[in-house]
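**Q** Can you keep this structure in mind? I'll have questions shortly.
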Amino acid sequence: MHFIIELLVNAGMILLLSHFLPTIIIRDFKTAILVALVIGLLNATIGAIIRFPLNLATLWLLSFFVRLIVTAVIVKIVDKLFDGFEIKGFLPALILALALAIDGSFLSFALQHQVR
């Protein structure tokens, strides 16, 4: 259940940023869901493999920045995979990665501390 909530929130964040940043273009909510799914899958697999040696080299002192940059690169890769999703430049990809990190942190906190 948490995965579906996280997927929908990330898709909503992608759509929200596309309304505020003219350099992020997304066709519709369906595309946003697919983009959020692929970003999440790539981040969990390839991203983890790429982040580990970088974090090891920096002794995990720059872990947040490593995660941010790797996620931005993954966002740019996903940009090339989908016709209905376009990011013009690396800075908007970095902003999107930061927004996804922030909303993921808040969502994780909220889901862990939900009232039952």
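Read the figures in this text as sums done on the coordinates, not as results from a lab. All values derive from a computational prediction rather than experimental measurement. Ideal geometry is used to build each Cβ from the backbone, glycine not excepted, and the neighbour counts take in all protein chains shown.
**Q** Where in the chain are the helices, taken as whole DSSP H runs, whose Cα atoms extend 18 angstrom or more along the long axis and whose Kyte-Doolittle mean reaches at least 0.5?
**A** Within the chain the helices that satisfy the rule are 2-20, 29-42, 63-81, 90-112.
**Q** So, in nm, how far is label Phe90 from label Ile102 when the simple model puts each one 7 Å beyond its Cα toward the Cβ?
**A** 2.2 nm
**Q** Related question: State the percent of C-alpha pairs, over all pairs in the chain, separated by a distance greater than 18 angstrom.
**A** 50 percent
**Q** Let me ask something else about it. Spin-label point model (7 Å from Cα, Cβ direction): what's the Ile5 to Leu59 distance in nm?
**A** Result: 3.8 nm between the two label points.
**Q** For segment 2-107, what does the relative contact order come out to in percent, with C-alpha contacts under 8 Å and a separation of six or more? Intermediate values should be presented prior to the final figure.
**A** Details: 106 pairs, mean separation 37.4, N = 106.
Worked out over segment 2-107, it gives 35 percent.
**Q** Continuing with the same structure: Can you return the aspartates and glutamates within cross-link range of Lys76? Criterion is Cα-Cα under 13 Å, with same-chain partners fewer than 8 residues away left out.
**A** Glu86
**Q** How much length, in nm to one decimal, is gained on full extension between Thr23 and Phe82, taken as 0.36 nm per residue of separation minus their Cα-Cα distance?
**A** Numbers: separation 59, 0.36 × 59 = 21.24 nm, distance 1.54 nm.
Residue separation times 0.36 nm, minus the Cα-Cα distance, leaves 19.7 nm.
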